[in-house]
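Colleague: Let me give you the structure first, and then I'll get to my questions.
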Amino acid sequence: METGIAISFWILAAVTIASALAVVLFRNIFHAALFLVLCFFTIAGIFVILSADFLAAAQVLIYVGAIAVLIIFAIMLTRETQRGSPSGRLRLPALMVGLLFLATMVFIVVSTDWQVITEIPDQPTTSAIAQALFSGEEGFVLPFEIAAALLLAAIIGAIVLVRER
Amino acid sequence: MLENFGYIGIFLIAALGFAISTITLPILLRRFHIVPKKPNPVKSSTYECGMDTVGKSRVQFNFRYYFYALLFVVFDIQVVFLYPWAVALGELKLFGFLEMLAFFSILIVGFLYAWRKGVLEWK
Amino acid sequence: MVVGLEHFLILSAILFSIGLYGALAKRNAVVILMSIEIMLNAVNISMVAFWRYIAPALMTGQVFVIFIMVVAAAEVAVGLAIIIAIYRSRETVDAEQIDLMKW
């Protein structure tokens, strides 16, 4: 059981990092978008390893299902595949910033003494999430309704921006 | 619980193996001269029994497709909220029901806007 | 070897750095948005890892991840709409050529 989790973690982590690198390094944006989908999918696998089963399903639904479709549509609509995705003038500073951030984070993670709970949480997590989201006393009722307002603004804004007059 | 996801992993590996073997098998058979190679113009056309393609495949798509993707995203998010809500509706009682009603009545304004502006119609 | 909290956090840090590099270095606006999505996903991984290893009794970590997903979807929808609108008026999605408001 434990070794199975470890093996699947290393495979998923390697595929995730490789596909994320492919997204930022490939010149063909259509291939980059397909690797982005692969990255989202393996992240769903990592959620499964972390025993967040509902979030894995939500990741596949929202990211792999909806956001990837939007991005691929946008690539086809903007017809920029011939020009590809070249790097700008900020390439070296960006590389420096990224490596610096990575070094800082790794240092912080390794040097902190985490108070870890190792036993596996209860599954399935769906009804616990529902209690945390919707219950009247300690739920996230107002953020939930604000999310609806945000989505409404997104729908109307996107329609206004894209519609031809 | 994790074991059930292990079955999904086995299915994924089987699917990957199927895809890879169906791609590599013809190449290997050709490499070992089991399959003969006799090309002719009809056989090597893109669609052997169909129309020839005209122009490039990366053409400019109509912007209207974007609206369908946009509304699909919103429906997807509704599903993600509806699923746990439906699981726990028994304990949430009337309050949970009213919450979801408010959520939908806010979002329905967006759909009504899309409908009124006719973004889902093809002229 | 047992996989622990540190592994997930370092994976999340690597993904975030890759996304940061892409968002800063790339010129195509769609690729910049894709890099931002990678960064949001990295944050999601660390959030779920903290939920799993630090506070499994509180579901707040998972609820935050759901809200991040919703905000990311709204952000992508509006961001791509802006990119499409700019493409229609200026025929480019190159972030270095979209400089009308540059001081």
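Colleague: If we scan region A:74-81, do we find a residue that is touching a Pro at 6+ places or on another chain (Cβ under 7 Å), surrounded by 18 or more Cβ atoms within 10 Å (Cβ to Cβ) and charged (D, E, K, R)?
Modeller: The answer is no, given that none of the residues of region A:74-81 is touching a Pro at 6+ places or on another chain (Cβ under 7 Å), surrounded by 18 or more Cβ atoms within 10 Å (Cβ to Cβ) and charged (D, E, K, R).
Colleague: Considering only residues that are among the charged types (D, E, K, R) and within 9 Å of chain B (Cβ to nearest Cβ), look in region A:129-165 and name the one that is farthest from B:Leu92 (Cα to Cα).
Modeller: Here the residue is A:Glu164.
Colleague: Restricting the search to region A:7-34, which residues are under 15 Å from C:Met39 (Cα atoms) and not small (Gly, Ala, Ser)?
Modeller: The answer is A:Thr16, A:Ile17, A:Leu21, A:Val23, A:Val24.
Colleague: Please enumerate the residues belonging to region C:78-102 that are modelled with pLDDT of 90 or more, within 7 Å of chain A (Cβ to nearest Cβ) and either under 23 Å from C:Leu15 (Cα atoms) or not in a helix (DSSP H, G or I) (or both).
Modeller: C:Leu80
Colleague: Anything in region A:1-30 that is at pLDDT 90 or above and not aliphatic (A, V, I, L, M)? List them, or say none.
Modeller: A:Phe9, A:Trp10, A:Thr16, A:Ser19
Residues are listed down the side, and each one gets a yes or a no for (1) under 21 Å from B:Tyr83 (Cβ atoms); (2) of a type in the set (D, E, K, R); (3) in the same structural domain as A:Phe26 (by TED's automatic domain parsing):
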position	(1), (2), (3)
A:Ala103	no, no, no
A:Val109	no, no, no
A:Val116	no, no, no
A:Glu119	no, yes, no
A:Gln131	yes, no, no
A:Ser135	yes, no, no
A:Gly139	yes, no, no
A:Ile146	yes, no, no
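Colleague: On to the next question. Output the residue which, of all residues in region A:84-128 that are among the polar types (S, T, N, Q) and either within 7 Å of chain C (Cβ to nearest Cβ) or assigned to a loop (DSSP other than H, G, I, E, B) (or both), is surrounded by the most Cβ atoms within 10 Å (Cβ to Cβ). Outline the logic, then answer.
Modeller: Of all residues in region A:84-128, those among the polar types (S, T, N, Q) come to A:85, A:87, A:104, A:111-112, A:115, A:118, A:123, A:125-127.
This time we only want the ones that are either within 7 Å of chain C (Cβ to nearest Cβ) or assigned to a loop (DSSP other than H, G, I, E, B) (or both), so: A:85, A:87, A:112, A:115, A:118, A:123, A:125.
Values: A:Ser85: 26, A:Ser87: 20, A:Thr112: 11, A:Gln115: 9, A:Thr118: 9, A:Gln123: 14, A:Thr125: 21.
Restricting to residues being among the polar types (S, T, N, Q) and either within 7 Å of chain C (Cβ to nearest Cβ) or assigned to a loop (DSSP other than H, G, I, E, B) (or both), the top hit is A:Ser85.
Colleague: Now, a different point. From the residues in region C:20-65 that are hydrophobic (A, V, I, L, M, F, W, C) and not in a helix (DSSP H, G or I), which one is surrounded by the fewest Cβ atoms within 10 Å (Cβ to Cβ)?
Modeller: The qualifying residue surrounded by the fewest Cβ atoms within 10 Å (Cβ to Cβ) is C:Ala57.
Colleague: Which one of these does C:Glu75 not meet: (1) within 28 Å of A:Leu77 (Cβ to Cβ); (2) in a helix (DSSP H, G or I); (3) at pLDDT below 90; (4) not β-branched (Val, Ile, Thr)?
Modeller: Unmet condition: (3).
Colleague: What number of residues in region B:1-59 are loosely packed, with under 10 Cβ neighbours inside 10 Å, among the hydroxyl-bearing types (Ser, Thr, Tyr) and closer than 30 Å to A:Thr78 by Cα?
Modeller: 3
Colleague: Now, a different point. Could you tell me whether B:Leu92 is modelled with pLDDT under 85, surrounded by 14 or more Cβ atoms within 10 Å (Cβ to Cβ) and out of contact with any Leu (no Cβ under 6 Å at 6 or more places or on another chain)?
Modeller: On the way: modelled with pLDDT under 85: yes; surrounded by 14 or more Cβ atoms within 10 Å (Cβ to Cβ): yes; out of contact with any Leu (no Cβ under 6 Å at 6 or more places or on another chain): yes.
It is true that B:Leu92 is modelled with pLDDT under 85, surrounded by 14 or more Cβ atoms within 10 Å (Cβ to Cβ) and out of contact with any Leu (no Cβ under 6 Å at 6 or more places or on another chain).
Colleague: Out of curiosity, is A:Ile46 surrounded by 17 or more Cβ atoms within 10 Å (Cβ to Cβ) and free of Cβ contacts under 8 Å to residues at least 12 places away in the same chain?
Modeller: no
Colleague: I'd like to verify a number: residues in region C:55-71 that are within 7 Å of chain A (Cβ to nearest Cβ) and in contact (Cβ under 8 Å) with a residue 24 or more places away in the chain, how many?
Modeller: 1
The values are calculated or read from the model by the stated rules, or taken from the named source; none is laboratory data. Note that the structure is a prediction, hence the values are computed from the model and not measured. Here the Cβ is made from the backbone with ideal geometry for all residues, glycine too, and neighbour counts use every protein chain on show.
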